[in-house]
Amino acid sequence: MVSKTNIRKKKVSTNWEYSAAPESTDHISLKSNYDLFIAGKFTKPKEGTYFNSINPANETNIAKVASAGKADVNKAVSAAKVAYENVWKKMDPSQRGKYIYRIARLIQERVREFAVIESLDGGKPIRESRDIDIPLAAAHFFYYAGWADKLDYAFPGRKTKPIGVAGQIIPWNFPLLMAAWKIAPALASGNTVVLKPAETTPLTALKLAEIIQDADLPPGVVNIVTGDGSTGKYLVDHPKVDKIAFTGSTEVGKSIIQALAGSSKKYTLELGGKAANIIFEDAPIDQAVEGIINSIFFNQGHVCCAGSRLYVQESVSKEIISKLKSRMENLILGDPLDKNTDIGAINSKTQLEKIQMYLDIGVDEGSTIYQSTCTIPKKGYWCAPTLFTDMSQSHRLVQEEIFGPVLVIQTFRTIDEVIAKANNTPYGLSGGVWTDKGSKIFKISKDIRAGVIWGNTFNKFDPTSPFGGYKESGMGREGGLEGLLQYVNLY
Amino acid sequence: MILSMIDLTTLEGKDSPGKVKQLCYKAAHLHDQHPGLPTVAAICVYPNMVPVAKVALAGTNIKIASVATAFPSGMTTLSAKLKEVRFVVDAGAEEVDMVISRGKFLSGDLEFVGDEIYQVKNACGAAKLKVILETGELVTLDNVRRASDLAMNAGADFIKTSTGKINPCATPAVVLTMLEAVRDHYVQTGHRIGMKPAGGISTAKQGIQYLVMVRETLGQAWLTPDLFRFGASSLANDVLMQIIKQNQGNYQSSDYFSLD
Amino acid sequence: MTQSLHINKTYKLYIDGNFSRTESGRYIKWIDPKKKMIINFCRGSRKDFRNAVVSARSAFKAWSGRSAYNRGQIFYRIAEMLEGRKEQFISELILQGFTKKQSKKEVTLSIDRLVYYAGWADKYQQLFSRVNPVSSPYYNFSTPEPTGVVAAIAPDNSCLLGFLSVVVPAVVGGNTVVVLASESYPLCGITFAEVLHSSDVPGGVINIMSGRHDELIEQFSSHMDVNAIIYCGADSGHASMVEKNTALNVKRAVKYADQNWINPDAQGPYHIMKSQEIKTTWHPIGY
């Protein structure tokens, strides 16, 4: 049949590229210099040293940030101790809760500013900082605020007491969100805090200090000391700190355990991972492909619970891998502030070098590498989405945490085999399973020795949902009631 | 020493190219966190997996062994067996693990059994022939001794206890009997025949017990992968765990050692 | 009538459901305070410990996979068996120098403790599980799961009640255990194996050793295949060694320095939770 309507014939380019859609930076306020936040005031570091916080997407300096020495950490801990004894632990819990609600609200009001700064400082796509990091941070404060005056209901048969001063050391992959995970439950249960943000991403924590000032929180309840690992070490070793909460590498976590041995300090550790993401032949294939992309390329793979070990049932492995490759071609790598960007910058030069080392090892070990053909910007730290096939359990890339956008793929035949392989690791943080069969999700969830199992999804977080690892992935949980338990003594 | 004598084995109905490739990698990289370890001697697979292993092991010194002759029962015609042997050798197997016809053996037809081994040996060409007696079905040590002599005289390069499919597999008594047969064969003919206990050897301790047995019965000359092998799938990791224990002082967990 | 000569009991380790002597062949000579009886206990070695961990690891999957109801039944059965052997344990305690009154109380409380925890077997999960109201279309729940293989240094001062107070909550919660009995009063911890042996507890679920604490604590705390260590004792050197060694594989450490095992706070579901992990599952909702 011939259509009589005129078909408009206009020349359309077959090579349609999206225009850049950068989020503007004109509404954010950043100082050129940030001091330490101690006892409610921004305070110059005693030794007067500062370091640069660099934008990893273009290697420019964003701001100078104070480096806290031993004396500064002492001062912050003392401020926290005073605030704990004199103000915070005595305060009516419902009033404590209201302060935390204030913080939640102030973050919500300034979501856009925080998102832009998070992306500038850490390199993550604005879409993620805007839609995930910052709203979730606010939600954590909101959730724990409500617990402050309900602690008597939290743990059956027991009442709670706060622990005291909590020293909290957080990583660079979710800077504000990790600060929220740590600070919110600590404050709700009556503790005071000295927080040490990561060296490469201190800015949103310092902006949070401004919010804490705006919320009129009593001085010393939250103190923020910036610096490198040595600042963290002062905090861990400080005799007046009653509790250490750390998120970061298993290696540093182990050194913290050793440093705390023989002391009476409590600790919570959220460490590395090498999660198995398991795709069964009865999985919704296209949905699973999206899920795999999200499990490993979310936040450039800088996620401790990333699904970095993919196990595909042999019968669907060809299809999955080919769909995965073509989906990877559609991922847009580039300016973190561009709203179209899927893959942002690698957080730091050091991290990029580590990822590069693993890529070299993978190639040397004879595995087949595939990288999407995106253009890599000239400046900044970047790594194209990468996958390796022809892998086995004995490859180092399968065993070690890479913390980058690098997926290693193995195939399996039976459910027992894949469970054995998934558990054949010192880690146990998370895992994923894709199948149309609900009973199979529960079976995998029951048998995988890990703290969080995602069925037909991956990398989902919620303030009400406990998160944390088995084995070398850590101790204790964050989120939900379990998260509260880490900051109280029961009696 | 044990590691370099292992024939890393996967003989399951559910073997697939993926599984075999993964095992081949493990064979060459037992535990990369601990540099300086040897590779295993060989990997042992079913005939249809030989081409996969050939590609996966290219560039390594690891040999490919394949079971042939209607493993594990051996219940087919001689011509089918010979065809299978020629296939695996053509596909790149450097070692062939055959099973003897136990039914014929037990009914006294030793000539048939011997002739079969002889013909398989011819079909092997340059490939080494390991003859599996399946001692669990021969029942008595007298039978084991008789079958050992028969196999060696018919051209076996190695004699091997078991398929791993019948219990009991390798036991110290059976292995000692076979080692004595190997010793006597050497004394009589001057030929050194190899020995391969297989099945049920999963700990370093058992491994060492067998090595001691070899050393005491046959002497140091046999303590080489050319003349002594273990057929095992999980022995390697236990040996690795003991090695790391020796170095670090504390006992190890299988979570830290790759399955394959 | 001639008096029948007393038959002395041989005291052994209890590993993998078998009464075995130490592989090391060593012994500890123990003389009761009234100098009436001499007992040669096994001086367990690190290799005995290794074997015990292998057995505990292999028993773990099946034991943690048993239904909670079944674990409760088995612990109730253990209590029944201890009740039946009450006199034996009382006389063992008396032999070790306790008064008759103390001994009776220790055994009675021990039986009560077993019954108490038998009842918790299918209840603590309900207390500590939650359905989390997440803001996305998932059914999200968190449940306790056993951490795995637990190594325990039993208290030195309370040879039966203290022993049970650390072992039972771990095992009721689905863990398998290797426990080192009191060194000063080894008798009841070791003979408790006789109760276990007649109580439907699968081999390898509870492994009992005797030996020198000084020598074995290092191995107990450094074994890479042990998921948690319970250390009872006031020796700060030992405690800090245990804590340092937990760094090797991020073992969970539970310490009891001066717990009074008769106090009500020596039991309760929170003791079970000390060797549990919380697992969170995200199950999709949709069609």
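The values are calculated or read from the model by the stated rules, or taken from the named source; none is laboratory data. Quick caveat: nothing in here was measured; it's all calculated off a predicted structure. Neighbour counts run over all protein chains shown; Cβ positions are idealised from the backbone, glycine included. These area figures cover heavy atoms from the full protein model, side chains too; ligands, DNA and RNA do not enter into them. Shrake-Rupley method; radii C 1.70, N 1.55, O 1.52, S 1.80 Å.
Criterion first (farther than 19 Å from A:Ala345 by Cα and aromatic (Phe, Trp, Tyr)) does A:Phe442 satisfy it? Yes: the conditions hold for A:Phe442. Within the range A:439-448, being more than 7 Å from every other protein chain (Cβ to nearest Cβ) and in contact with a strand residue (DSSP E or B) (Cβ under 8 Å, 6 or more places away or on another chain) holds for A:Lys440, A:Phe442, A:Ile444, A:Ile448. Quick one: how many residues across the range A:47-71 are assigned to a loop (DSSP other than H, G, I, E, B), in contact with a helix residue (DSSP H, G or I) (Cβ under 9 Å, 6 or more places away or on another chain) and buried (at least 16 other Cβ atoms within 10 Å of the Cβ)? So the answer is 5. The residues listed here are B:Ser202, B:Ser253; of these, the one that is farther than 27 Å from B:Asp157 by Cα and among the small types (Gly, Ala, Ser) is B:Ser253. One residue alone among C:Ser182, C:Ser221 is touching a residue at least 60 places away in the same chain (Cβ under 8 Å) and either open to solvent by less than 10 Å² (accessible area, probe 1.4 Å) or facing another protein chain (nearest Cβ under 10 Å) (or both), and that residue is C:Ser221.
Every residue, every condition in (1) in contact with a Ser or Thr (Cβ under 7 Å, 6 or more places away or on another chain); (2) at the interface with chain C (Cβ under 9 Å from one of its Cβ atoms); (3) open to solvent by 10 Å² or more (accessible area, probe 1.4 Å), yes or no:
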site: A:Trp434; (1), (2), (3): no, no, no
site: A:Ile453; (1), (2), (3): yes, yes, no
site: A:Lys460; (1), (2), (3): yes, yes, yes
site: A:Lys471; (1), (2), (3): no, yes, yes
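Residues that are within 7 Å of chain C (Cβ to nearest Cβ) and in contact with a helix residue (DSSP H, G or I) (Cβ under 7 Å, 6 or more places away or on another chain) within the range A:475-491 comprise A:Arg477, A:Leu490, listed in sequence order. Scanning the range B:21-37 for residues that are over 16 Å from B:Ala236 (Cβ atoms) and either more than 7 Å from chain A (Cβ to nearest Cβ) or surrounded by fewer than 17 Cβ atoms within 10 Å (Cβ to Cβ) (or both) gives a single hit, B:Pro35. Residues in the range C:44-79 that are crowded, with 18+ Cβ neighbours inside 10 Å and outside any helix (DSSP H, G or I) were compared, and the one that is farthest from the other protein chains (Cβ to nearest Cβ) is C:Gly44. Restricting the range A:72-89 to residues that are closer than 12 Å to A:Val165 by Cα and among the aliphatic types (A, V, I, L, M), the residue that is surrounded by the most Cβ atoms within 10 Å (Cβ to Cβ) is A:Ala76. Among the residues of the range A:388-400, the ones that are out of contact with any Ser or Thr (no Cβ under 6 Å at 6 or more places or on another chain) and crowded, with 24+ Cβ neighbours inside 10 Å come to 3 in all. Residue pairs whose Cβ atoms lie under 7 Å apart, separated by 6 or more positions or on different chains, with the first residue in the range C:265-283 and part of a strand (DSSP E or B) and the second charged (D, E, K, R), are C:Gln276/C:Glu145; C:Glu277/C:Glu145; C:Ile278/A:Arg477; C:Ile278/A:Glu482; C:Lys279/C:Glu145; C:Trp282/A:Lys460.
Under the condition of being over 17 Å from the mean Cα position of the chain (by Cα) and assigned to a helix (DSSP H, G or I), the residues counted in the range B:21-55 number 10. Checking the stated criteria, A:Ser255 turns out not to satisfy the condition of being surrounded by fewer than 23 Cβ atoms within 10 Å (Cβ to Cβ) and outside any helix (DSSP H, G or I). Might you check whether a residue that is over 27 Å from A:Val452 (Cβ atoms) and without any contact (Cβ under 8 Å) to a residue 60 or more places away in the chain occurs anywhere in the range A:385-402? Yes, there is a match, as at least one residue in the range A:385-402 is over 27 Å from A:Val452 (Cβ atoms) and without any contact (Cβ under 8 Å) to a residue 60 or more places away in the chain. Among the residues here, B:Tyr251 does not qualify as open to solvent by 60 Å² or more (accessible area, probe 1.4 Å) and of a type in the set (Phe, Trp, Tyr). Is it true that some residue in the range B:78-93 is buried (at least 20 other Cβ atoms within 10 Å of the Cβ), within 14 Å of chain A (Cβ to nearest Cβ) and either in contact (Cβ under 8 Å) with a residue 60 or more places away in the chain or under 25 Å from A:Ser367 (Cα atoms) (or both)? No. Within the range A:401-422, being within 14 Å of chain B (Cβ to nearest Cβ), open to solvent by 10 Å² or more (accessible area, probe 1.4 Å) and under 23 Å from the mean Cα position of the chain (by Cα) holds for one residue alone: A:Glu401. Scanning the range A:300-348 for residues that are part of a helix (DSSP H, G or I), of a type outside the set (Gly, Ala, Ser) and in contact (Cβ under 8 Å) with a residue 60 or more places away in the chain returns A:Gln300, A:Glu314, A:Ile321, A:Leu324, A:Lys325. Being more than 14 Å from every other protein chain (Cβ to nearest Cβ), more than 17 Å from the chain's Cα centre (by Cα) and at positive phi holds for only one residue in B:Gly199, B:Gly249, B:Gly190, and it is B:Gly190. Taken across the range A:209-223, residues that are within 21 Å of A:Ser430 (Cβ to Cβ), more than 14 Å from chain C (Cβ to nearest Cβ) and open to solvent by less than 10 Å² (accessible area, probe 1.4 Å) do not occur at all.
Name the single residue, out of those in the range A:224-242 being under 20 Å from A:Glu85 (Cβ atoms) and more than 24 Å from the chain's Cα centre (by Cα), that is surrounded by the fewest Cβ atoms within 10 Å (Cβ to Cβ). By that ranking, first place goes to A:Pro239. The residues in the range C:135-155 that are more than 9 Å from chain A (Cβ to nearest Cβ), under 25 Å from C:Ile208 (Cβ atoms) and not small (Gly, Ala, Ser) can be counted, and the count is 5. Among residues of the range A:152-194 being in contact with a Ser or Thr (Cβ under 8 Å, 6 or more places away or on another chain) and within 14 Å of chain C (Cβ to nearest Cβ), the one that is nearest to A:Ile257 (Cα to Cα) is A:Thr160. Annotation: C:Asn140 fulfils all but one of (1) open to solvent by 10 Å² or more (accessible area, probe 1.4 Å); (2) not aliphatic (A, V, I, L, M); (3) not in a helix (DSSP H, G or I); the unmet one is (1). Residues in the range C:254-287 that are within 9 Å of another protein chain (Cβ to nearest Cβ), open to solvent by 30 Å² or more (accessible area, probe 1.4 Å) and in contact with an Asp or Glu (Cβ under 9 Å, 6 or more places away or on another chain): there are none. Of the residues that make up the range C:157-176, is at least one part of a strand (DSSP E or B) and either buried (at least 24 other Cβ atoms within 10 Å of the Cβ) or at pLDDT 95 or above (or both)? Among the residues of the range C:157-176, at least one is part of a strand (DSSP E or B) and either buried (at least 24 other Cβ atoms within 10 Å of the Cβ) or at pLDDT 95 or above (or both), which makes the answer yes.
Restricting to the range C:224-253, and then to whatever is within 16 Å of C:Phe163 (Cα to Cα) and open to solvent by less than 20 Å² (accessible area, probe 1.4 Å), can you tell me which residue is farthest from the other protein chains (Cβ to nearest Cβ)? This residue is C:Cys232.
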